[in-house]
Amino acid sequence: MTESAETPPEDFASRRRWMGVLAQASGAEIAARLRDAPPLPPHTRLRGPEVGLVMVRGRQGGDGAPFNLGEMTVTRCAVGVSGGARVGHAYVAGRDLEKAETAAVLDAALQDAALRPALLRAVVEPLAAAQAERAARTARKAAATRVDFSTLAVMR
């Protein structure tokens, strides 16, 4: 993402956060949250939604030499709102065309300072809280299976 004269640099961190939350949420979760949100502005499709492949790269041990792990299906979409004054983009994992378009419209709508607080409150923050709870539940489940090998050495 490149900086532009219209968007202050602090908005890039906010945009990165809401796009991350939208990308990790399912299409059904986003649709459920939109029922309680203000209506989204009308939009025009600039690109897609269209399905493609990206190469997923990995590193051995997290810091070794990079290698190609395989390909992953992604769907991208770009929309314009307010006569093209704001453009929303979305890349989501999988083949969910509707989710990609909805995420792109939300991206464009969230760039509007007047709509942002209501959409953050109704859509993004509840989705982020649900994702954090799922991550905490998974961490608790994994912690319950932890083995402390230093105590096994003392038992000899």
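A short reminder: the numbers here are calculations on the coordinates, not readings from a lab. Note that the structure is predicted; figures quoted are calculated from it, not measured.
So here's what we get for this one:
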{"item": "Value of relative contact order over the stretch 50-131, rounded to a whole percent, pairs C-alpha under 8 Å and six or more apart", "result": "21 percent"}
{"item": "Potential lengthening between Thr138 and Arg57 on full extension [0.36 nm per residue; Cα-Cα distance subtracted]", "result": "26.7 nm"}
{"item": "For the chain, calculated [θ]222 nm from helices alone, where every DSSP H run of n ≥ 4 adds -39500 (n - 2.57)", "result": "-13000 deg cm²/dmol"}
{"item": "Viscosity 1.306 mPa s, temperature 10 °C, Stokes-Einstein D of the chain from Kirkwood C-alpha radius, µm²/s", "result": "88 µm²/s"}
